[in-house]
Amino acid sequence: MLNVPNRRLVLAHFWLAFIAFFAALLLGEWQMFVRSPLFDWLRNPELYYRSVTAHGSAMGYVFPTLVAMGFGYAIVELALKQALIGIRWAWAGFILVVVGTLTAMAPVALGKASVLYTFYPPLLGSVFYYLGVVLVVVGSWIWVVLMAVNLRAWRKVHPGETVPLAMFANNAGAYLWAWTSLGAAIEILFLILPVAFGWKQTVDAGLARVFFSWTLHAIVYFWLMPAYIAFYTLVPRAIGGRLYSDAMARFSFVLFLVFSMPIGIHHLFQDPQVGTGVKFLHAVFTAMVSVPTLLTVFTICASVEIAGRMRGGQGRFGWIAALPWKNPLMLALALSFIMLGFGGAGGLINMSYQLDYAIHNTQWITGHFHLIFGGAIVIMYFAVAYDLWPHLTGRALDCWKLMRIQLWLWFVGMMVVTLPWHWVGILGMPRRMAYYDYSHADLAPMALSVIITFCGGLLLLASGLLFLWILASGHRARQTSLPAFRFSAPVHAGARIPVALNTFGLWLALMIGLSVVNYGFPIAQLIATPNTAVPAVPIR
C-alpha cells in the first residue's frame, strides 16, 4: 500500500478527475437532448456553445491530465519503491489545476468564453478562460518535472539497472505532454493573451491554428498513455499471465514520442493558409503513428494468450475460454480493443488527404474521437481505478459483478452513441451545430439517429454514476490486508534491455527534430507573410 501522504495525493487527483468527468458527461448528454427532435429548442443557441466549451475543456484538459498525474505519482512509489520526492510541489501542482479549472469554467458558465475546446481565434473569450487553461498546464508541468526528478534520483541509487517498465512508460507520457502542450502555450501566451488583455486589436488566426495543431493531436497520445500503461503493466498480472515482451512495450512507448508529434496538421487539411506539401507530410506521419498501436495490439494479445494457456487452455482457441472473463480488467481490455479497432479504422479516413474532404467537420469526426478517447481510453481509466483503489483506501473492492455491469454499460452506450454519428457524418450532418431543422428533407432521415445517440448517452450516464458509486462504496468497504502491489512480469524476467530502450535521449532528440522539420516551415512561412492578422471578435 502507498504511504499515507501519497495515498491522499493520488486520491485527490483521481476524485477531482472523475467528478470533472461526470460533470462533462452530464453536459454531453444535455447537448444530445437539445439537438434531438425530442425537445423544442430553448431558442438560445449560445447556451449550447457554453455547454460544448465546458464539456470539451473538462473532458479534454482537466480529466485526463489529473488521471495521468495521479497515476504517475502512484507509479513512482509502486514501481520505483521509493517515497515521492517533492510532494509539496505535487500538491502545489494539484492546487494550480484546481484554481485553473475554476478560473476557466467561471467565464464559460457566464457565457463569456463560448470558444469551444479548440478556442480558435479570431473569436475571443474572456481573458480568464485562457489564464485558467495556462494554470492547468503549469500545474501539469510541475508533474512532468517531478517525474524526471524522481527517475533521476532512482538512477543514482540504481546505476545501470533497468528502469521499471511502468515508470519508463509514465515518463514517456510526461515528456510527450511537456513538448506537445508547448504549442497551445505559445498560441495563448503570444497570440491570444495580448489581444484578450486589450493590448492588440488583431490576431493571426492562421498561425494560431498551426500552433494549436502542435497540441491538438499529440494530446490524444498523452491521453492514452495511462491506458497503455494499464495494458502492459496491469492486465497481464491481473489475469494471471505474463507480459509477452518488455522490450517491445518500451519500443511502443518511445515510438509514440517520435511519431505522435509531427502529425497535427492533418486537422488542417481544409485550411487554405497551410500548403499542400506540408499537409501531405503530416498525412504520412499520421500513418506511421499506427505502428506502436499495432505493436501494442500484438504484444497484449500474445500476453493474454499466455495467460489463457497458463490457466490450462488447450488447442488453437481453447485458451480464450480459459481466460478469467469475470475479472473486470480482462473485460475492460477486451472492450477497449474492440472500440480501438472501430475507432482506428475510422481514423484511416481522417488521415487521408483526399478522403478527409468527405467527412471534415461532420459528425463523423465527433464519432471518431469519442470512440477512441471516450471509449477505448476512458474504459481503461476505469480499470486503473479499480485496480488501484484497494491500495489507496486499504479496503476491499470486490464487487466484480457491479464493475462488469458498469463496463458493459459504458461499452454499449459508447457504441450506440458513436456508430450513428459515423453514419450521419457520411451523409453530411455537420458537427458543433446548436440545433437542426428536421423538417428539412435532407435532415429528416437523420432524426432517428440523433434519438438513438441520446438513448446511448443515457447508458453512459448510468455507467458513469455507477462507477462513482462503486468508488465511493470502496471507502466504506471492509478493511483488508493486501499483498505488496506488483506490476506485470515479463516472460523473460531479467532479460537485458538495450540502452536505447532504457533512456530517452535518442527519442527526445527525434521527437524534437521531427517536430521542428514538420512545423518549422509552415510557422516560418506564416510569420514571414505580411498582413495575415485579422480583427479579433470578442464575445460580449
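I need the full set of residues from the stretch 99-143 which are under 15 Å from PHE63 (Cα atoms) and at pLDDT below 95, in order please. Once the filter is applied, which keeps residues that are under 15 Å from PHE63 (Cα atoms) and at pLDDT below 95, the stretch 99-143 yields only TYR117. Within the stretch 503-537, the set of residues being buried (at least 18 other Cβ atoms within 10 Å of the Cβ) and of a type in the set (Phe, Trp, Tyr) comprises PHE504, TRP507, TYR519.
When the residues of the stretch 116-137 are filtered to those that are of a type in the set (Phe, Trp, Tyr) and under 14 Å from ARG50 (Cβ atoms), the one that is surrounded by the fewest Cβ atoms within 10 Å (Cβ to Cβ) is TYR117. Within the set LEU124, LEU110, the sole residue that is farther than 22 Å from PRO64 by Cα, free of Cβ contacts under 8 Å to residues at least 40 places away in the same chain and touching a helix residue (DSSP H, G or I) at 6+ places or on another chain (Cβ under 9 Å) turns out to be LEU110. Residue count for the stretch 174-199 under the criterion of being over 26 Å from GLY72 (Cα atoms) and either buried (at least 24 other Cβ atoms within 10 Å of the Cβ) or touching a residue at least 40 places away in the same chain (Cβ under 8 Å) (or both): the result is 9.
Only one of the numbered conditions (1) under 22 Å from GLY367 (Cα atoms); (2) without any contact (Cβ under 8 Å) to a residue 60 or more places away in the chain; (3) surrounded by fewer than 21 Cβ atoms within 10 Å (Cβ to Cβ) is not met by ASN44, and that is (1). Selection within the stretch 83-115: residues that are surrounded by 19 or more Cβ atoms within 10 Å (Cβ to Cβ), among the aliphatic types (A, V, I, L, M) and part of a loop (DSSP other than H, G, I, E, B). The member of this set that is nearest to the chain's Cα centre (by Cα) is VAL115. VAL67 meets the conditions (1) surrounded by fewer than 22 Cβ atoms within 10 Å (Cβ to Cβ); (2) over 30 Å from ARG540 (Cα atoms); (3) β-branched (Val, Ile, Thr) in every case but one. The failed one is (1).
In the set (1) under 24 Å from GLY173 (Cα atoms); (2) of a type outside the set (A, V, I, L, M); (3) surrounded by fewer than 20 Cβ atoms within 10 Å (Cβ to Cβ), SER140 fails one condition alone, (3). Look at (1) part of a helix (DSSP H, G or I); (2) buried (at least 18 other Cβ atoms within 10 Å of the Cβ) and you find that ILE405 fails only one, number (2). Just so you know, in the stretch 13-34 the residues that are aliphatic (A, V, I, L, M) and over 19 Å from the mean Cα position of the chain (by Cα) include one that is nearest to ILE451 (Cα to Cα), and it is MET32.
Scanning the stretch 266-284 for residues that are in contact with a helix residue (DSSP H, G or I) (Cβ under 8 Å, 6 or more places away or on another chain), of a type in the set (A, V, I, L, M) and in a helix (DSSP H, G or I) yields LEU268, VAL278, LEU281, ALA283. Would you check if there is a residue in the stretch 513-526 being among the hydroxyl-bearing types (Ser, Thr, Tyr) and touching a residue at least 24 places away in the same chain (Cβ under 8 Å)? Yes, that holds for at least one residue.
Scanning the stretch 412-432 for residues that are in a helix (DSSP H, G or I) and crowded, with 21+ Cβ neighbours inside 10 Å yields GLY413, MET414, VAL417, THR418, PRO420, TRP421, HIS422, VAL424, GLY425. Here VAL516 meets each of (1) out of contact with any helix residue (DSSP H, G or I) (no Cβ under 8 Å at 6 or more places or on another chain); (2) of a type in the set (Val, Ile, Thr); (3) under 30 Å from LEU25 (Cα atoms) with one exception, condition (3).
Of the numbered conditions (1) part of a helix (DSSP H, G or I); (2) within 30 Å of ILE239 (Cβ to Cβ); (3) not hydrophobic (A, V, I, L, M, F, W, C), GLN314 satisfies every one except a single condition; which is it? Checking GLN314 against (1) part of a helix (DSSP H, G or I); (2) within 30 Å of ILE239 (Cβ to Cβ); (3) not hydrophobic (A, V, I, L, M, F, W, C), the one that fails is (1). Contact map, the stretch 466-485: residues that are under 18 Å from ALA74 (Cβ atoms) paired with residues that are part of a helix (DSSP H, G or I) and small (Gly, Ala, Ser), Cβ distance under 7 Å, separation 6+ or inter-chain. Pairs shown: LEU471/ALA385.
Would you check which residues across the stretch 469-502 are of a type in the set (A, V, I, L, M, F, W, C), buried (at least 16 other Cβ atoms within 10 Å of the Cβ) and at pLDDT 90 or above and list them? Step through it out loud before you land on a result.
We begin by selecting, within the stretch 469-502, every residue of a type in the set (A, V, I, L, M, F, W, C); these are 469-472, 477, 482, 484-485, 487, 489, 491, 493, 495, 497, 499-501.
From the residues that got through so far, the ones that are buried (at least 16 other Cβ atoms within 10 Å of the Cβ) too are 470-471, 477, 485, 487, 489, 497, 501.
Listed by number, the residues that qualify are ILE470, LEU471, PHE485, PHE487, ALA489, ILE497, LEU501.
Here LEU38 fulfils each of the conditions (1) out of contact with any Lys or Arg (no Cβ under 9 Å at 6 or more places or on another chain); (2) farther than 26 Å from GLY464 by Cβ apart from (2). Filtered by the rule that a residue be more than 25 Å from the chain's Cα centre (by Cα) and in a loop (DSSP other than H, G, I, E, B), the stretch 503-540 gives THR529, PRO530, ASN531, THR532, ALA533, ALA536, ILE539, ARG540.
The values are calculated or read from the model by the stated rules, or taken from the named source; none is laboratory data. Fair warning: this is a prediction, and the values are worked out from it, not measured in the lab. Cβ: placed from backbone, ideal geometry, glycine included. Neighbour counts: every protein chain shown.
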